[in-house]
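These notes are about the structure you will find just below.
The values are calculated or read from the model by the stated rules, or taken from the named source; none is laboratory data. Just so we're clear, the structure is a prediction, and the values are computed from it rather than from any experiment. Please note: Cβ atoms are built from the backbone with ideal geometry, for glycine as well, and neighbour counts cover all protein chains shown. All accessible areas refer to the heavy atoms of the entire protein, side chains included, with ligands and DNA or RNA removed. Shrake-Rupley method; radii C 1.70, N 1.55, O 1.52, S 1.80 Å.
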Amino acid sequence: MPTILLEVNEWTQASAWKWEAVVGKVKLYIDETVCDTPELKNVNFSVEMVSSDLLKPKYLSPLGTDSPFYDRIKDKWTDIKGKIFKIGESQVATKGKITAISIFRLGFETEEEFNPITVYVSVSYDSPEEDWPPITKLMQDTLDELKCGLKIHIEHNEPEYYPLFRSIPVEGKGLEYQWRQRYNPKVTPGADIGCALYLRRQGDNKETHPVVGTFGCWLEITRTTGKGKDEKQIVGITNYHVLRSGINGFRVGLEKTAENGTTPKHSTVLPPQDNSQLLEIDKNGFLPAKGKRFAEVEQPSRVKHNKSVQVPMDELESIPDPSDALRDQLDVLRERKLFFQNGLNLLGVPYLGSGFCLDSVNPQDLGRDETKRRLDFALFHPTNRGRIGENKIDTRPFSEKYLPSICPKNYTTTLRNMEMSMHDMEAGHHLYKIGAATDCTIGEFSCMKSTVELKDDKHMNKGNRYSEEFMIVGVSPSITESHAQEESESNTRKPFADKGDSGAVVWDRNGCVMGLLFRGQVPNQTRSGCAYVTPIEHVFGKIKKMDKNIKDIKVLPPRDERLGGRY
């Protein structure tokens, strides 16, 4: 529908009824004059009036220790969240609809220190916006009592998992391997992984890809066998929701749109079938003793394989007389194709997973118990030991994007066990990750946990389920001469993670694994958003509770540190 957009600089409390009258008059004028012509008489124009504040970019940054109110806000943050949540639950328009409560600087100024410290409240899209003004006032009055200059902001938004989901044919950028890059049989942290199967989409029965995520790293677990002896095993770790599409009961449907109900190009994940294996595992997780069978894990994932191989091969093979360079490219593509045809893409079988419901925080616990959080992890056993790579990361690409002062210390980082918990880390600490979508990124840590709820697992519980999560916000890349022209805006923060990065491990400057990334949220009009990370000790602790035979878990050390240099 053609729309006439009226942008207005200032919004006041009186704007609601004034703007409605203006829009009505403009619409009437267009219908009586512009549309009263032979060419446009059957055209129905829409008229919309919005504040310019809803169109301008916003800039998000974590609350730093340099704020004069930092210590006071940190001490009161749990209490603040509890009060804001209580107000939201007391009002019809927001009761049961809060999806996140966070704190950061948020505003229109590119100089971050000039943006207000904002208590950010996101609500589900069925919350009526016209009923927010009195709720906003109640929340703002509560914040004013603290006298720290805090501002309330409410908007429609929801945290979401960060897997990548693409239909067939594959569309979009960022899914290709470089054409000279051959598939590496050794799998290292940051590689893309997925389930080795195709799915059938409900609605049109078309074949579609499974979820794509990131391989976190290799772990070494020590288990007690039935004979009372200890044995060491190597397993890989990622998010549970990355491997979830390989479990019986996983369903895919057509994504709904406002215009026509569905679109044939995009798929969306549906709730699992009733009484299905997936629904049971969502609730309880899965253990090796259960004898359940799932789709194998693969690397490379078939969505990136298909985008990087079949699409360019079809184009190149149609060229009658290719050049030597194109012939070389075709050879690489054919080699990749054989990699899949020979089954070398198969990586492992699922071994243990958390499901969705473990350690969730109930609304009545909000503000009283922040140690609980939603865990999202899965382990898999490698079926081909020749694919076990080192937990080493080439960190030179970091120095091409970021200032040397915040980059990892060495050109190669070897991941190792945690030395300090996130719980003891101060705000502003730099953390690192490498993911299948955004590759290498650096973020700033926020020690003030966000309260979040996920729409993805509401099928398990009719009530709202909240968890307390640590937040990381991406930092600004340095603008160097080599890539300055690629940047549309200088000195602005870039995302720490995006869809496809689910399952990546997060480490500090020394290579110590600190946590497991599994979801994020992008407030409206911002570019960077924030990512949520579970402390790795919470993940390891839950794994040992699920499998009582596991005595110890650690990041797999380098080959030369392992006994005899053997697996």
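Quick check: anything in the stretch 314-326 polar (S, T, N, Q) and under 18 Å from ARG182 (Cα atoms)? Checked the stretch 314-326: no residue is polar (S, T, N, Q) and under 18 Å from ARG182 (Cα atoms).
Annotation: GLU112 fulfils all but one of (1) farther than 22 Å from SER467 by Cα; (2) without any contact (Cβ under 8 Å) to a residue 12 or more places away in the chain; (3) surrounded by 13 or more Cβ atoms within 10 Å (Cβ to Cβ); (4) charged (D, E, K, R); the unmet one is (2).
State yes or no: is PHE294 closer than 27 Å to ASN384 by Cβ, touching a strand residue (DSSP E or B) at 6+ places or on another chain (Cβ under 9 Å) and assigned to a helix (DSSP H, G or I)? Write out each step before concluding.
Numbers: closer than 27 Å to ASN384 by Cβ: yes; touching a strand residue (DSSP E or B) at 6+ places or on another chain (Cβ under 9 Å): yes; assigned to a helix (DSSP H, G or I): no.
Criteria not met by PHE294.
Just the residues that are open to solvent by 10 Å² or more (accessible area, probe 1.4 Å), modelled with pLDDT of 90 or more and within 22 Å of ILE536 (Cβ to Cβ), please, taken from the stretch 371-393.
In the first step, residues of the stretch 371-393 are kept if they are open to solvent by 10 Å² or more (accessible area, probe 1.4 Å); the result is 371-372, 381-386, 390, 392.
Still in the running and modelled with pLDDT of 90 or more: 381-386, 390, 392.
Listed by number, the residues that qualify are HIS381, PRO382, GLU390, LYS392.
Could you tell me whether the stretch 487-508 includes any residue that is closer than 30 Å to VAL555 by Cβ, at pLDDT below 95 and not in a loop (DSSP other than H, G, I, E, B)? Within the stretch 487-508, none of the residues are closer than 30 Å to VAL555 by Cβ, at pLDDT below 95 and not in a loop (DSSP other than H, G, I, E, B).
Residues that are over 17 Å from SER102 (Cα atoms), buried (at least 17 other Cβ atoms within 10 Å of the Cβ) and among the charged types (D, E, K, R) within the stretch 424-471 comprise LYS433, ASP456, ASP457, listed in sequence order.
Give the residue, chosen from PHE340, PHE356, PHE294, that is modelled with pLDDT of 75 or more and closer than 30 Å to ILE80 by Cβ. I'd like the intermediate steps shown before the answer.
Numbers: PHE340 fails: closer than 30 Å to ILE80 by Cβ; PHE294 fails: closer than 30 Å to ILE80 by Cβ.
PHE356 is the lone residue from the list that is modelled with pLDDT of 75 or more and closer than 30 Å to ILE80 by Cβ.
Counting only residues that are touching a strand residue (DSSP E or B) at 6+ places or on another chain (Cβ under 7 Å) and more than 20 Å from ALA531 (Cβ to Cβ), the stretch 74-88 holds 5 of them.
Give the residues of the stretch 194-210 that are among the aliphatic types (A, V, I, L, M) and touching a strand residue (DSSP E or B) at 6+ places or on another chain (Cβ under 6 Å), sorted by residue number. Step through it out loud before you land on a result.
Here is the first cut: in the stretch 194-210, the ones among the aliphatic types (A, V, I, L, M) are 196-197, 199.
Answer for the stretch 194-210, where residues must be among the aliphatic types (A, V, I, L, M) and touching a strand residue (DSSP E or B) at 6+ places or on another chain (Cβ under 6 Å): ALA196, LEU199.
Scanning the stretch 10-54 for residues that are in a helix (DSSP H, G or I), without any contact (Cβ under 8 Å) to a residue 12 or more places away in the chain and within 29 Å of ASP131 (Cβ to Cβ) returns TRP17, LYS18, GLU20, ALA21, GLY24, LYS25, LEU28. Sub-9 Å Cβ pairs linking a first residue in the stretch 219-234 that is within 22 Å of GLY541 (Cβ to Cβ) to a second residue that is loosely packed, with under 14 Cβ neighbours inside 10 Å and among the hydroxyl-bearing types (Ser, Thr, Tyr), at least 6 apart or interchain, are ASP230/THR224; GLU231/THR224; GLU231/THR225, ordered by first then second residue.
Determine, yes or no, whether ILE73 is in contact with a Leu (Cβ under 8 Å, 6 or more places away or on another chain), of a type in the set (A, V, I, L, M) and within 22 Å of MET471 (Cβ to Cβ). So ILE73 fits the description; yes.
Residues to consider are VAL311, VAL332, VAL303; find the one that is among the β-branched types (Val, Ile, Thr), more than 22 Å from CYS195 (Cα to Cα) and either at pLDDT 80 or above or open to solvent by 20 Å² or more (accessible area, probe 1.4 Å) (or both).
On the way: VAL311 fails: more than 22 Å from CYS195 (Cα to Cα); VAL303 fails: more than 22 Å from CYS195 (Cα to Cα).
When all the criteria are applied, what remains is VAL332.
Residues in the stretch 387-435 that are β-branched (Val, Ile, Thr) and in contact (Cβ under 8 Å) with a residue 60 or more places away in the chain: ILE388, ILE393, ILE406, THR413, THR414, ILE434. Against the list (1) of a type in the set (Val, Ile, Thr); (2) open to solvent by less than 70 Å² (accessible area, probe 1.4 Å); (3) in contact with a Ser or Thr (Cβ under 9 Å, 6 or more places away or on another chain), the condition THR136 fails is (3). Report, by residue number, each residue of the stretch 139-155 that is open to solvent by 70 Å² or more (accessible area, probe 1.4 Å) and on the phi > 0 side of the Ramachandran plot. Answer for the stretch 139-155, where residues must be open to solvent by 70 Å² or more (accessible area, probe 1.4 Å) and on the phi > 0 side of the Ramachandran plot: just LYS147. In the stretch 72-105, what count of residues is obtained for those that are free of Cβ contacts under 8 Å to residues at least 60 places away in the same chain and surrounded by fewer than 16 Cβ atoms within 10 Å (Cβ to Cβ)? Adding up the residues that qualify gives 5. Checking the structure you have, find out if any residue of the stretch 507-521 is more than 26 Å from PHE356 (Cβ to Cβ), in contact (Cβ under 8 Å) with a residue 24 or more places away in the chain and among the charged types (D, E, K, R). So far as the stretch 507-521 goes, yes, one or more of its residues are more than 26 Å from PHE356 (Cβ to Cβ), in contact (Cβ under 8 Å) with a residue 24 or more places away in the chain and among the charged types (D, E, K, R).
The set of residues in the stretch 1-17 that are farther than 12 Å from VAL50 by Cβ and at pLDDT 80 or above contains only PRO2. Checked against (1) over 30 Å from GLU390 (Cβ atoms); (2) touching a Gly at 6+ places or on another chain (Cβ under 9 Å); (3) modelled with pLDDT of 90 or more, GLY246 meets all criteria but (1).
In summary, strands (runs of 3 or more DSSP E) completely within the stretch 177-228 and bearing 2 or more residues that are open to solvent by 20 Å² or more (accessible area, probe 1.4 Å) occur at 217-224. Identify all residues within the stretch 54-71 that are surrounded by 15 or more Cβ atoms within 10 Å (Cβ to Cβ) and within 25 Å of the chain's Cα centre (by Cα); write none if there are none. Across the stretch 54-71, the qualifying residues are LYS58, TYR59, LEU60, SER61, PRO62, LEU63, GLY64.
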